[in-house]
Amino acid sequence: MRRAMRQQRQSLSPQHLQQAALALSRHILQLSHYKKARRIALYWPMQGEINPLPLMYHRLSRHKQFYLPVLSGSFAQKLRFAPFHGESRMRPNGFRIPEPQVAADLLMTPQSLDLLILPLVAFDTEGYRLGMGGGFYDRSLASMSHRQHWQHPRLLGVGHAFQQLARVPREPWDVPLSIICTDLACHRIMV
């Protein structure tokens, strides 16, 4: 399932990807959680992932701070988040994904963010996501699964509409998303 979804995503044309990114931004900009958030984590899109970066350049995002995930150290298991803006110095991590090059004391934990926008390979209407398989987001958010009603960060999964499935495989450590947005619509999840 993961391989088939990734292949379908990678077959999208550059024009389709650009249109999907702009449509996604329009939907996210309408969300009250986005409007209220000040510290927002995005991700660098790879292999046909829907692109959240256009959000940074909208006038409604003028007073927000943006972050990208980084893998700290050569054997990192959890994500930290580095400040990111259009002029950030970048370097590829071990997976060739660009990361902001910043001092370690500037890295933030997920709990320090207001909104965490994360990619997915597939998702279902109950808020569960299938990721790339590395488990980095799962490990980084593991402490949240023990809290009944956390407020920060809100978890917003984003993908193309075709990535929706009836049900994705689940593990006991999976943390459901609060909201899922695609190029067609946003869906608030009742958890």
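Summing Cβ point charges (Lys, Arg +1; Asp, Glu -1) relative to the Cα centre of the chain gives a dipole of roughly 240 debye.
Between residue 56 and residue 18, residue separation times 0.36 nm minus the direct Cα-Cα distance comes to 12.2 nm. Can you give the % of DSSP beta bridges in the chain that are antiparallel, to the nearest 5? If I count the DSSP bridges inside the chain, around 50 percent turn out antiparallel. A Förster distance of 22 Å, applied to the separation of the beta-carbon atoms of residue 103 and residue 63, puts the FRET efficiency at 0.40. Judged by the mean number of other Cβ atoms found within 10 Å, the most tightly packed of the peptides 56-68, 110-122 leads the ranking 110-122, 56-68. For residue 130, the residues whose modelled amide H falls within less than 5 Å of its own, excluding neighbours fewer than 5 places apart on the same chain, are 121, 122, 123. Where a ≥ b ≥ c are the square roots of the eigenvalues of the C-alpha gyration tensor, would you call the chain rounded, which needs a/c under 1.5, or, failing that, prolate if a/b is larger than b/c, or oblate? Here the chain falls in the rounded category. Share of carbon and sulfur in the accessible area of the chain stands at 53%, probe radius 1.4 Å. Once both labels are positioned 7 Å from their Cα atoms along Cα-to-Cβ, the gap between residue 47 and residue 10 label points is 0.7 nm. For the set 186, 181, the ranking by accessible area, highest first and with no ligand, DNA or RNA atoms included, is 186, 181 under a 1.4 Å probe. A simple spin-label model places pseudo-atoms 7 Å from Cα toward Cβ; at residue 165 and residue 112 they are separated by 3.5 nm. Report the Cα centroid-to-centroid distance between region 15-60 and region 84-125 in angstrom, as an integer. Region 15-60 and region 84-125 have Cα centres separated by 14 Å. With the simple model of a label 7 Å out from the Cα in the direction of the Cβ, residue 88 to residue 32 spans 2.9 nm.
Derived scalar couplings between HN and Hα for region 90-100 equal 10, 8, x, 8, x, 9, 6, 8, x, 10, x Hz in order, rounded to whole Hz, by the Karplus curve 6.51 cos²θ - 1.76 cosθ + 1.60 (θ = phi - 60°), x for Gly and Pro.
When shorter helices are ignored and each DSSP H run of at least 4 residues is given -39500 (n - 2.57), the per-residue value for the chain at 222 nm works out to -5000 deg cm²/dmol. Rg ratio for region 95-136: its Cα radius of gyration over 2.2 N^0.38 Å, N being its residue count, equals 1.48.
The values are calculated or read from the model by the stated rules, or taken from the named source; none is laboratory data. Being a predicted model, the structure only gives us computed values, none of them experimental. Note that each Cβ is placed from the backbone with ideal geometry, even for glycine, and that neighbours are counted across all protein chains shown. Protein only, heavy atoms only, side chains kept; ligands, DNA and RNA dropped before computing areas. Shrake-Rupley method; radii C 1.70, N 1.55, O 1.52, S 1.80 Å.
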